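All remarks here apply to the structure that follows.
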Amino acid sequence: MFCGSCMQDNAMARALMQLGCEVSLIPTYTPIRLDQEDVSQEHVFLGGINLYLDNLIPFWRYLPRSMVSWLDHPKILKWASSRGVGNDASSLGPMTLAMLNGARGPMRREYQELVDHLVDRLKPDVIIFSNALLSGIMPLLRERFSGPILCLLQGDDLFLNQLPDKYRDRAIAAIRENSRSFAAFITHTRFYADLMSRFLEIDRDRFQQIPLSIDVRLPARNDNVQERDRSLPRIGYFARIAPEKGLRNLILAARELHAEGIEFELHAGGYLGEAYREYFEQICQEAEFLGDRFRYIGSPNQEEAKFEFLRELTVFSVPASYEEPKGLYILEAMAAGVPVVQPSRGSFPELIESTGGGLLYPADDHSAHAEMLKRLIHRSQEREQIVEAGSRNVLELHSSRQAARSLIGICEGQLSQRSLQEPVAS
């Protein structure tokens, strides 16, 4: 799959580099997978296979690093991922707790290697974690690094809430304890800062915000617009094929449009993992009323192919059934010149407020969803106004460069604050 968090972090790292910062983007657990240029380091730290074996086989953690390091090679990790080794939280309770125990748990060897790399080789001014699930390293890291360590939260609650109850509460407690050493937390929306402040019982004043962003130039208007307008309206979806992303919700809204006699096509794209093959087969059965007007394009490997898909749409919708903390896909649709229709939940209200690039409807109200889709299909003038506002504001307010400037400001503020707190040498 193309991970939204990986894509966001990679785009941010590249933008920081373009602004003159020295940046090391360090993959952990598995290599990152992107449809853009990859600026991450090749070496994968906290390799998923070794972490798993550390937790499973008592003697494994005592083997010399030289004997087990080959399992962290990107090709080996990619092979393991392709064989169906996943990150389903419902089966990873013990391993999650072991990771959060860090120096006190079975994975100390792997954590120590990462600490040595950070402190001895990179010597950073600031360290930024891409999620709180890596916070088990904090005790070891704080023994040797006194600079600011920030944590970017972008979906941690989704994983934690899927853990079995007997592991969930213990994992959250461990994160709360580890999080005391973070200088600040960063989110992309006010909504998610409020949610995670309550979820982790962290003072809301410790949160700062950077804009959700994408690393694309505003595409030129489609040369085939007139040809597209003569064909059927096209409703589009592009996100992971998984229940929580809401493709079935879109099918239900499409059924209501079809019942009204409105003619349209429904095209979907996005990563489909083995775990959700049966779910997708059910989706295809429910969409049989559309015949060949329902199409699934798969998951293009290149960004250009994804944007070519988006540019051909009349309206875009990913009706997620959970509190989405990001929603990069709607920014991509707006940048491609397509208006969006989203449920009023999670990050969506803030993103649509800041861009003007779409319409909202009450979450899980399929009739209201269908009504908003119909409105943008039929009202071409309103649709064009929304397209113009959305594409302009994504470029001005949600570019990776704009987000990078915000992050630099946060880092500089943390460094200045720390320097003021340091005692003056006599």
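For segment 284-329, the tally of residues that are over 19 Å from Leu272 (Cβ atoms) and of a type in the set (Lys, Arg) stands at 3.
Summed over segment 104-117, residues that are over 14 Å from Tyr62 (Cα atoms) and touching a Leu at 6+ places or on another chain (Cβ under 7 Å) total 2.
When segment 14-38 is filtered for residues that are at pLDDT 90 or above, surrounded by fewer than 22 Cβ atoms within 10 Å (Cβ to Cβ) and hydrophobic (A, V, I, L, M, F, W, C), the ones remaining, listed by number, are Met17, Leu19, Cys21, Val23, Leu25, Ile26.
Residue-wise test of (1) surrounded by 16 or more Cβ atoms within 10 Å (Cβ to Cβ); (2) more than 20 Å from the chain's Cα centre (by Cα); (3) of a type in the set (Lys, Arg).
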{"position": "Leu328", "(1), (2), (3)": "yes, no, no"}
{"position": "Ala333", "(1), (2), (3)": "yes, no, no"}
{"position": "Gly337", "(1), (2), (3)": "yes, yes, no"}
{"position": "Val340", "(1), (2), (3)": "yes, no, no"}
{"position": "Pro343", "(1), (2), (3)": "yes, no, no"}
{"position": "Pro362", "(1), (2), (3)": "no, yes, no"}
{"position": "Ser380", "(1), (2), (3)": "no, yes, no"}
{"position": "Leu415", "(1), (2), (3)": "no, yes, no"}
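Would you mind stating whether Ser197 is of a type in the set (S, T, N, Q), surrounded by 18 or more Cβ atoms within 10 Å (Cβ to Cβ) and modelled with pLDDT of 95 or more? Against the criterion (of a type in the set (S, T, N, Q), surrounded by 18 or more Cβ atoms within 10 Å (Cβ to Cβ) and modelled with pLDDT of 95 or more), Ser197 qualifies. Looking only at segment 86-135, count how many residues are small (Gly, Ala, Ser) and not in a helix (DSSP H, G or I). The number of residues fulfilling the criteria is 3. Scanning segment 360-398 for residues that are touching a residue at least 60 places away in the same chain (Cβ under 8 Å), under 16 Å from Ile235 (Cα atoms), among the aliphatic types (A, V, I, L, M) and in contact with a Ser or Thr (Cβ under 9 Å, 6 or more places away or on another chain) turns up Leu373, Leu376, Ile377. Only one entry in Leu272, Leu313 is under 26 Å from the mean Cα position of the chain (by Cα), surrounded by 15 or more Cβ atoms within 10 Å (Cβ to Cβ) and closer than 23 Å to Gly390 by Cα, namely Leu313.
The values are calculated or read from the model by the stated rules, or taken from the named source; none is laboratory data. The structure presented is a predicted model; accordingly, all values stated were derived computationally and were not measured. No Cβ is skipped: glycine too gets one built from the backbone with ideal geometry, and neighbour counts run over all protein chains shown.
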